[in-house]
Amino acid sequence: MACALQPDKYMNKTRSTSLLARASKVIPGGVNSPVRAFRSVGGGPLFIKRGEGCRMIDEDDNSFIDYVGSWGPLILGHKPKCVIDAINAVLEIGTSFGAPTEREIVLAEAIRDAVPSMEMVRLVNSGTEAAMSALRVARGFTGRDLCIKFEGCYHGHVDSLLVKAGSGLATLGLSDSAGVPAAFAATTISVPFNNLAAVEEAFAKHPGKIASVMVEPVAGNMGCVPPAPGFLEGLRKLCTANGTLLIFDEVMCGFRVAFGGAQARYGVKPDMTAFGKIIGGGLPIAAYGGGAEVMNYVAPVGPIYQAGTLSGNPLAVSAGLAMVTYLKEHPEVYTTLEARTAALCSDELPGVTVNRVGSMFTFFFTTEPVFDYESAKKADTARFAKFFNHMLERGIYLAPSQFEAGFVGMAHLDSDIDETRAAARQFFEAE
Ligand SMILES: *Cc1c(COP(=O)(O)O)cnc(C)c1O
């Protein structure tokens, strides 16, 4: 019955199609970030006109229940009142000064209070910048060059982190992107997620040379993959034993899987952390930080240079502060999201493995458990693409790739979850 699943059959995409043609002449692929192009599911991207609660409305006035949530930030849905009010209030005073403001201290204190491993915080503008800066600080602090990362984890488009595994385990990496000098990729060792033995092997092979182990403590960028019991604890032990800094890239899972991030949820304390997405409340803000001893290596107190013209601007800081404050004052957000996402993921779907941590989830189109990138790649991406388009036709906007996490937010009501489950069941019945 695959003929029931023709993307353009019912949905009007007239304006999105013409906007894509126009955009493609001035913007590579018509999009400002590649995954938005829908390349792995076909059909072309939808141009969005506006958002409201859990819904997005496109330029052809199709309405969707949105499980992408701007790729993570929108834990309170589109246009949450607390964030919009905060932005409106601050517009009165100006958008950027390039000089310190009191509000930045308040946000840094709020992050520190939520995340005790971050005694000191630096605000930046994107998750990429936060991860890149944390890595530089780890290198500057330890005086070492190498970094261990995990296959399938994404830390932004940082040169030396756009790396896939070399030919053998624990060997130096190869770049995943053109334009990255081989010498940069060679500073990174890429090993399988959830595989402590591979990390141990890398340490044994490069003694005294590894500055940092960087990990998404809950992986989201190969689809949602939880840490196996003992994995994060094992990384902590290996890093401590080797004088290596453990960096949690919590850009996606921070303030998502728990108020204090994955480190609160799993009780493992990293040396440094990167945040982004949710802490910006939908505006471009991110942060990195760690213990005071490490962070005092950052300029102007220390020798590690890192800067930003718009870093800490009042607009973005207000939005982030409103978001973090709201989440702190409403701890029930996390129990509510846990229950709603559990309900969303509760159906037995034939040929699908569902991974979920809190309000992050992925339907992997494979019957095998997914615990690292290799096992994720066993998914049937063609079948996923059919599922994606089936859902889109029925007004459900999932991430347009098998290897992405979906997000439930506070604006998704039980009725939205029910509607989504019904649409999904239809797919499997019709298949
Ligand atoms: C999204 C993401 C990044 C990059 O953040 P940008 O704001 O897109 O630069 C880095 N790390 C992780 C874990 C992410 O999910």
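Accessible surface area normalised per residue over the chain is 41 Å², counting heavy atoms of protein chains with a 1.4 Å rolling probe. For the cross-link pairs Lys164/Lys205; Lys13/Lys81; Lys81/Lys328; Lys25/Lys49; Lys149/Lys209; Lys209/Lys269, the ones whose C-alpha atoms lie over 25 Å apart are Lys13/Lys81. Between Ala183 and Thr325, the FRET efficiency from the beta-carbon distance, with R0 = 30 Å, is close to 0.10. In percent, rounded to a whole number, the relative contact order of the chain is 22, using alpha-carbon pairs under 8 Å and six or more apart. For the pair Lys269 and Leu91 in one chain, pulling the backbone fully straight at 0.36 nm per residue adds 60.4 nm over the alpha carbon distance.
In the chain, which whole DSSP H runs stretch at least 20 Å along their own axis (Cα) and average -1.0 or higher on the Kyte-Doolittle scale? Flagged H segments are 127-142, 314-329, 414-430.
Taking every alpha-carbon pair under 8 Å whose residues sit at least 6 apart, the stretch 81-329 reaches a relative contact order of 29 percent. The figure for Met295 is an accessible area of roughly 10 square angstrom, using a 1.4 Å probe on the protein chains alone. Protection proxy ranking, highest mean first, for peptides 341-349, 107-115, 129-137: 129-137, 107-115, 341-349, where packing is the per-residue count of other beta-carbon atoms within 10 Å, averaged.
The packing ranking, built from the mean of other Cβ atoms within 10 Å per residue, places the peptides 180-186, 396-402 in the order 396-402, 180-186, highest first.
Applying 1/(1 + (r/R0)^6) with R0 = 35 Å to the Cβ-Cβ distance of Asp418 and Ala241 gives a FRET efficiency near 0.10. Note on the stretch 287-350 and the stretch 32-105: Cα centroid distance 16 Å, given to the nearest whole angstrom. Ignoring lysines fewer than eight residues from Lys386 along the same chain, the ones with Cα atoms less than 16 angstrom from its Cα are Lys9.
As a fraction of the 1.4 Å probe accessible area of the stretch 82-205, surface on carbon and sulfur atoms comes out at 56 percent. Checking the cross-link filter: which aspartates and glutamates have an alpha carbon closer than 17 Å to that of Lys377, excluding same-chain neighbours under 8 positions apart? Within reach: Glu151, Asp176, Glu368, Glu404. Using 0.36 nm per residue and subtracting the Cα-Cα separation, the extra length available between Ser70 and Ala204 on full extension is 44.2 nm.
The values are calculated or read from the model by the stated rules, or taken from the named source; none is laboratory data. Everything numeric in this text was worked out from a predicted model, so none of it was measured. As a convention, Cβ positions derive from the backbone with ideal geometry for all residues, glycine included, and neighbour counts pool all protein chains shown. All accessible areas refer to the heavy atoms of the entire protein, side chains included, with ligands and DNA or RNA removed. Shrake-Rupley method; radii C 1.70, N 1.55, O 1.52, S 1.80 Å.
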